[in-house]
Each structure stands twice: as C-alpha cells, then as structure tokens.
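Chemist: This is the structure, below, for whatever I ask next.
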Amino acid sequence: MKSFKRIIILFVSTFLLIALAANLILAVSKNQSDNEKNLVMNRIWQEYKSDPGMPISLEAIQTQYKGVVKKNSLPQSIVFYSVDQLELKALHNSKENLQTYFFPVMDVNDEVRGFLIFEYKNYSYKKLLAITNLVLLAVLVFILCCALYIYKNIIKPFEELSEYPERLSRGQKIQNLTESKNKFFGKYIWGMNMLNDVLENERKKNLKLIKDKLVLTSAFAHGIKTPVTNIKLYSNAIQSGLYNQKENDKTIEIANKIEKNADDIQNLVTSLLDTSTKSIFEIVPQISSFYLKEIKEVIVKEFDNTLKMKKIPYEISMNENPILTSDKNAVIKILFQLLDNAIKYGDGSGINMKFERQSDGIYFSIKNKGSTIQQKEIPYIFNSFWRGSNASKTEGQGIGLYEAKLTAKKLCGDLFVNITENEFEIVLMLPEIYEEAE
C-alpha cells in the first residue's frame, strides 16, 4: 500500500516536471521565433530605408535567409503603404490569421512618408500553450483515475485478502471469503476458501484424535492409580509390622523403597493428567500496543457479512478507545471463538457486544439469547472436551472455551460466565497493560 502511494507521488511529481518543461520549451521557442522575426524585419527595413526604390521580392528574401532562420520566421508578405494610402479601413480589412508589423519609413525631412508592413502567419502561442496544458491535464486525470480504480478494486482488496494466510497460519477460525463484483480474485478466493475448509476439517480430525488420545491416557492413568494406591497400603502395613510382629530393618527398608517407587509412579500419573491437554494449546504471547477500536474493526470486518446472511442483528458498544498492551491476535482469536459460540447456540434474535474500560482492566462482554446450559453445568463449562446439555444437536468438540480460557489466563486475564433465564453472557477480562508473571 505504502509503495503504491509512493509510486503515485513519484509519478505525479515527474509528470508535473514534464509539464513544466513543456511550458518552458514553448516559451523558449516563442522567444527564439520572435527574435528571428525581429532580425529579419529589421534587416529588410534598414535596407529599404537606405534604398526606398528597391523592389521587394519574397522569393529573394526566402533564398537569402534559407538555413539562417526557421521558415516561420519569414514573412508571408511585405507591402509599403504611403501615408496617403494608409487608411483605417485598410487596417481593419487585414486577415485575421495574419500578424501585422508596421515599420515607419522617413523622408529627407525626417517626416513619416509611409509604412513598411510585414505580415506573418498567425501562430497563436497562447492557444498552443492552452491546448498543450489541457492535453497534459487530461492525460494526468486519466492516469490518476486509472490508479484510483486499481487502488480501490485491486490494491486495497488484495491487502485485506493478504491477511488471511497469516490468520490461517495462526490457527484462527475465519469465515469464508466473499467474491467481489469485479471478480478479479475469483480463483484466489476460491483457493483460500478451499484451504480454509481443508484446514478446518483437519483441525476437527486432530481434535478428535487428541480427544481419543486423552481418553486413553486418562483411562490408563486412572487404571494405574488404583493398584498403586493398594501397593502403598501394603507398604504401610509392612512398615507398621501389621503382618509380622517382629520388625526387621531389612523389611522396613524394602517397604520404604516400595513406597518411594509408588509415590514416583503416582506423581508421574498426576503430571501426565495435568499436562496432557495443556501442552497442546501452549502459546507464547506476542505483545504489542494497539487501540481497542482495532479489535472492533476486525470483528465487524469478519462477521458482518455472516450475521447479515443469517439475519442476526448485532450491536457493538464502546464508549472509550484506550490503548491495550497485549497479544492482539490472541485477543481476536478468543473473541472469534466466543462470537462463533453465540452464533451457534443463540436463537438468532440478536447478539450484543460491549467493550468497556474499568478500574481493573478491559472487559469484553458478549450476550446472546437462546438455549443456555443449566446452572449446575457452569463449573464444567471450561473443561476440555466437555459439552453442555444444549449442544447435542450442534457440531463441535468441546475444546473452544477451554482453549479460550487457557489463552486468557496466559494474557493475565480470565473468562467469566453469567446465565439468566434465557440469556447467556460470557465476559473476557484483560489487564490494560500485560505484565508477565514472575
């Protein structure tokens, strides 16, 4: 975008320099032509004054000055009029396409006895200059209109489209692109939508595999915990001398080793359960500063067409436009997930979003009406691969809110849920300035 603007500025500057050069060339050419005309007329006039009876031959004059001056510097006609012959009527009858120059001829008493009149073909410098500038202006306007059309229909749309590969690479769930009226990017948009669909299908397959893996891991871990607990009980019994009243140092030492190994296995099982899911969604925040309005613009740009097509009214209210220091892409990804859930589980009567600054941070609230979960399900809503009672007929894996919660925590924020009779509200809270926990 900036390169294109620089090119346009450079082009306009160059064009203005060319226009200025053209005007200077015309001005120099006119001055040169006037000087040559004056030279020719003065020489002929001087010769005629010295010999008033000399015949005036245009052919002789053209032969004499051929190669010395330009052809248009030679007169079309030379006529001598005495004072008696020179009348005002004769002057008004001169042809409009000729320029007329009068040179006085004096007698022996230094009195004007007549005029030597030179007539030149009228080359209108002002008209030529005006036509030249009009043509240059028309060319400039045409080229600028073409540049504006290219910018509006190709450069700007492509700049917006160029964001999608980056967003896909970040794992953001995006809506399919819509084709423009001019269809300049038909194959590109078709290819990007196909890529988005393929990646989404692959993501669903991967989540299903991860879920199966976690179920297997969980079953394996819980299957180990029971015998390990029993081993520890037996170890404690041996240590206490329950099975043998005569305590033996060697027996106690073996029992301690059994208990230690059992503790190690138990710690490994606990660690396996805790990290099996978190490691999948580990993120490293990319911190930058941005305005809250930028988040709103991205949401409108991404979801406006989708919500209009589904005929779901929506509203985004924002009283202030503070600067946030956080991971912009991560914040957008969380809000996209929350808004996607509002579309999937809402009844289509409307979605209300409110972004506001409070004393402890920035709050992003998304409300929708429709089928909500029960109050008793709230503690489990952020668990991995958990789905509520309202999700039986809706496609999903139960991982979106879990990932959003982990991401919010990573940004030193949190997610909260408020449920009323027929309204579901989820709130993302983020600190205004991200500060990494020590």
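The values are calculated or read from the model by the stated rules, or taken from the named source; none is laboratory data. In this text, all values refer to a predicted model and were calculated from it rather than measured experimentally. Using ideal geometry, Cβ is built from the backbone for each residue, glycine included, and neighbour counts are taken over all protein chains shown.
Chemist: Filter segment 426-436 down to residues that are more than 17 Å from Gln286 (Cβ to Cβ) and out of contact with any Ser or Thr (no Cβ under 6 Å at 6 or more places or on another chain) and give me whichever is surrounded by the fewest Cβ atoms within 10 Å (Cβ to Cβ).
Modeler: Among them, the one singled out is Glu432.
Chemist: Got a sec? Which of Ile9, Ile18 is loosely packed, with under 14 Cβ neighbours inside 10 Å, in the same structural domain as Ser77 (by TED's automatic domain parsing) and at pLDDT 85 or above?
Modeler: Working: Ile9 fails: at pLDDT 85 or above.
Exactly one of Ile9, Ile18 is loosely packed, with under 14 Cβ neighbours inside 10 Å, in the same structural domain as Ser77 (by TED's automatic domain parsing) and at pLDDT 85 or above, namely Ile18.
Chemist: Still on this structure: Check Thr306 against each of (1) within 25 Å of the chain's Cα centre (by Cα); (2) within 21 Å of Leu411 (Cα to Cα) and name the one condition it does not meet.
Modeler: Here Thr306 clears every test but (2).
Chemist: Any residue at all in segment 282-296 that is surrounded by fewer than 19 Cβ atoms within 10 Å (Cβ to Cβ), of a type outside the set (Lys, Arg), part of a strand (DSSP E or B) and touching a Gly at 6+ places or on another chain (Cβ under 9 Å)?
Modeler: Of the residues in segment 282-296, the ones surrounded by fewer than 19 Cβ atoms within 10 Å (Cβ to Cβ) are 282-291, 293-294, 296.
Next cut, of a type outside the set (Lys, Arg) only: 282-291, 294.
From what's left, part of a strand (DSSP E or B): 288-291.
After this cut, where a residue has to be touching a Gly at 6+ places or on another chain (Cβ under 9 Å) as well, the list is none.
The answer is no; no qualifying residue exists.
Chemist: Among the residues of segment 5-47, what is the count of those that are of a type in the set (A, V, I, L, M, F, W, C) and more than 18 Å from Ile143 (Cβ to Cβ)?
Modeler: 10
Chemist: If you don't mind, there's one more thing I want to ask. When you scan segment 166-173, do you find a residue that is modelled with pLDDT of 80 or more, out of contact with any Phe, Trp or Tyr (no Cβ under 7 Å at 6 or more places or on another chain) and not β-branched (Val, Ile, Thr), even just one?
Modeler: Checked against the condition, which is being modelled with pLDDT of 80 or more, out of contact with any Phe, Trp or Tyr (no Cβ under 7 Å at 6 or more places or on another chain) and not β-branched (Val, Ile, Thr), segment 166-173 yields no hits at all.
Chemist: Taking segment 272-305 only, how many residues are more than 17 Å from Leu335 (Cβ to Cβ) and either touching a strand residue (DSSP E or B) at 6+ places or on another chain (Cβ under 6 Å) or at pLDDT 85 or above (or both)?
Modeler: 2
Chemist: Kindly provide the set of residues from segment 301-330 that are among the basic types (Lys, Arg) and either within 16 Å of Gly346 (Cβ to Cβ) or touching a Leu at 6+ places or on another chain (Cβ under 6 Å) (or both), ordered by number.
Modeler: Taking segment 301-330 first, the residues among the basic types (Lys, Arg) are 301, 308, 310-311, 328.
Those that are among the basic types (Lys, Arg) and either within 16 Å of Gly346 (Cβ to Cβ) or touching a Leu at 6+ places or on another chain (Cβ under 6 Å) (or both): Lys308, Lys310, Lys311.
Rundown of residues vs (1) within 26 Å of the chain's Cα centre (by Cα); (2) within 17 Å of Pro285 (Cβ to Cβ); (3) among the hydroxyl-bearing types (Ser, Thr, Tyr); (4) not in a helix (DSSP H, G or I), yes/no style:
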residue: Glu320; (1), (2), (3), (4): yes, no, no, yes
residue: Leu324; (1), (2), (3), (4): yes, yes, no, yes
residue: Val331; (1), (2), (3), (4): yes, yes, no, no
residue: Ile334; (1), (2), (3), (4): yes, yes, no, no
residue: Leu338; (1), (2), (3), (4): yes, no, no, no
residue: Ser349; (1), (2), (3), (4): no, no, yes, yes
residue: Lys354; (1), (2), (3), (4): yes, no, no, yes
residue: Tyr363; (1), (2), (3), (4): no, no, yes, yes
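Chemist: Next question. Do you know which of the residues in segment 105-147 that are of a type in the set (Phe, Trp, Tyr) and over 19 Å from Asn42 (Cα atoms) is surrounded by the most Cβ atoms within 10 Å (Cβ to Cβ)?
Modeler: That would be Tyr125.
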